[in-house]
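The values are calculated or read from the model by the stated rules, or taken from the named source; none is laboratory data. Only a predicted model underlies this, so the values are computations on that prediction, with no experimental measurement involved. With ideal geometry, Cβ positions are generated from the backbone for all residues, glycine too; neighbour counts draw on all protein chains shown.
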Amino acid sequence: MKRYLSIFYIALGLTSIMMLSGCADDGTDDTTVDVYETEDERGYYADIVVIGGGASGMTAAAQAVYDGATNVVVVEQAPFTGGIALQAFGGINAAESRYQLAEGEYGTVEEMIDWVMNPGVTHPEMVRVMVENSADAIHWLNDFMDAGFTELMGDWAHRPDVGPMSPDNAGVGTVLIDSLNHSLIDNDVPVLLNTTVNQILVDENGAVTAVVATRMGEEIIINTNAVILTAGPANLHQSILINFDVDKPGYGVVFTPDAEDTSWQLAYEAGAELTAVLRPLAATGSQINYSLDLFENGAVLVNQEGSIFVDVLDSTDKEIAFATHQQPEGAFFVVFNSDVRDEVSNFEEYQDAELLVTAETIEQLAELIEVDADTLSESIDFEGPFYAGSGTSMVVDASAGVRINENAEVMGRNGNVITGLYASGQAVGGIQGYGRHGGSSLMEVIVFGRIAGASATQFIDASFGHTPLTIPMSDQLIFAADLATEAESNQTIYLGSLTDLEDGVFTGYGEGFIDLIYVQVVVEGGIITEIEIMSHSETEMYMEMALEGIDGNPDIVSQILEAQNGDEVDVVSGATASSIGIVEAVKNALGLE
Ligand SMILES: Cc1cc2nc3c(=O)[nH]c(=O)nc-3n(C[C@H](O)[C@H](O)[C@H](O)COP(=O)(O)OP(=O)(O)OC[C@H]3O[C@@H](n4cnc5c(N)ncnc54)[C@H](O)[C@@H]3O)c2cc1C
């Protein structure tokens, strides 16, 4: 399996911070929350409310409607769906999928359980549930979500075989989220974006009754009988590392959230027990994808002093990540030469975007990256010219959160299940351990997301019955307007003079929502005749909206082409940050900065 030393900074953040209201340790009393009737006219009503529109929340919602739920809503604080999965580019693990069985040489369920369990986890029975359901998860994603996970890598990981946004670097997460986005739209599941849940309300018996959220500055209440919590901890923040003693890895720790752990507080206040498997970091991060091949061919990882601080080839991802985190500011540089530059996917784009520095000598390189030249020269035993890209350590997964049982029901601090409360994904703790393998995160997120969706649906079925959808689907598209507002007020972008352009074929890039968008622009007879998207990492759904237009808002490429008559024109954004990225890329190609 190709290992990657990670990418991007996490941009998601929690906007509201709740202070703990005095909860008793056993979660049975003093959980002073308001109780609303389910038909409370002050709020919405949904049979099932999913908190968090990341991979797990969307999976849970999709599974719920697949199982017959008719009134499900997803509440997502960000102006877009996808969560962390938008940054996942590796694979998703599964054992004994039909694709593996067809190939014949892949690891079995039992072998995978051993692999996941090494070096140990809190809840072996939960690992068994996860692994035994992993193949079915891939089949379901392919058969019913149209995901296309068939390409096999290593013993267990699948990645999509469908054309990714970036041709040589299929983003497992973006493909997954695209398919789930489409499924939710097709199945009438409203997604309330820009909506942050602040509280899960329970009645005097501890059963879930509603969620309270803030939406565009206003408080809304969604009455419900079932809540699926998938909201991860705030930004997977580094305080996890501070709170947990990483020198003493252990399992099954029970903890209380601190003031910043907003999403954990939601569950804690409703009486849930929080549990964690201790682990430091899961991957190092930078803005560049570094594959392991780079290091096999001689690249080195140095710190801000120019010293090699970890033997990448002889270390696990976790050891590399932890070693990186120990460096000043968690920062590192990957240094390599032209012999291995072909191993860096998108090398030219990175260079164009000035994410890599180039130097003929070690001294020049040391000056450029501001490290000690003598130390750097001791670290490098290859010839120039040299290239270096920087990065910082990051947390990709917390392994901490609420405790759930095999049905994804949330366990209370009093030892009982909290009626109507389910959880999966980043919200859950204690399932996988210190040595979680790459690709197993999404496996857990998807498998337990499906279980949570199925369990909540069964609960509604048995106890209340399903009701028709009352939250308007038009709310689904709230994100379009919000995103444009966030990215550029009035959706107006100054394009510059488009007359008397030099003829030719030009390439350029602009910052999209997730990463750079590359375009090719053809100019003939002094005007633009063609704009082609060369590569991008945007979520396909948003890119489609930018390129096809929405709600009477014409697509962004036609707008640019039509805007050529004037010397200086304003271009109305196609309502997404992706549109703005395309416009900026065209400007960049034409030198219209
Ligand atoms: C760089 C990177 C690469 C990765 N690569 C892989 C890989 O190749 N394979 C793999 O298996 N895993 C990978 N992972 C891990 C994987 O992407 C995550 O485990 C997974 O996406 C988590 O999904 P989730 O839905 O559980 O959580 P999240 O993605 O965190 O989703 C939770 C959602 O809840 C929302 N939310 C939070 N609080 C609230 C609130 N109060 N109200 C409303 N909404 C709220 C958040 O905005 C977010 O959208 C990678 C992670 C990173 C960072």
- Which condition number does ASP34 fail, the rest of (1) modelled with pLDDT of 90 or more; (2) out of contact with any Asp or Glu (no Cβ under 9 Å at 6 or more places or on another chain); (3) away from the ligand (no atom under 15 Å from the Cβ) being met? (1)
- Only one of SER573, SER558, SER578, SER535 is of a type in the set (S, T, N, Q), at pLDDT 75 or above and over 22 Å from the mean Cα position of the chain (by Cα), namely SER558
- Count, please, the residues in the stretch 434-451 that happen to be over 19 Å from the mean Cα position of the chain (by Cα) and buried (at least 24 other Cβ atoms within 10 Å of the Cβ). 1
- Of those in the stretch 213-226 that are touching a residue at least 60 places away in the same chain (Cβ under 8 Å) and assigned to a strand (DSSP E or B), the residue nearest to the ligand (Cβ to nearest atom) is ALA213
- Item | Total residues in the stretch 437-467, condition under 14 Å from ASN225 (Cα atoms) and either touching a Leu at 6+ places or on another chain (Cβ under 7 Å) or not in a helix (DSSP H, G or I) (or both) | 4
- Query: Would the stretch 436-445 turn up any residue that is more than 10 Å from the ligand (Cβ to nearest atom), on the phi < 0 side of the Ramachandran plot and of a type outside the set (Ser, Thr, Tyr)?
  - Reply: no
- Note on the structure: Those residues of the stretch 136-179 which are more than 16 Å from SER441 (Cβ to Cβ), modelled with pLDDT of 85 or more and within 15 Å of the ligand (Cβ to nearest atom) amount to MET145, ALA147, GLU151, LEU152, SER179
- Query: Is at least one residue of the stretch 281-291 buried (at least 16 other Cβ atoms within 10 Å of the Cβ) and modelled with pLDDT of 85 or more?
  - Reply: no
- Item | Qualifying residue in the stretch 403-413 (condition: surrounded by fewer than 22 Cβ atoms within 10 Å (Cβ to Cβ), part of a loop (DSSP other than H, G, I, E, B) and charged (D, E, K, R)) | yes
- Item | Residue that is nearest to LEU274 (Cα to Cα) [pool: residues in the stretch 405-447 that are touching a Phe, Trp or Tyr at 6+ places or on another chain (Cβ under 7 Å) and β-branched (Val, Ile, Thr)] | VAL428
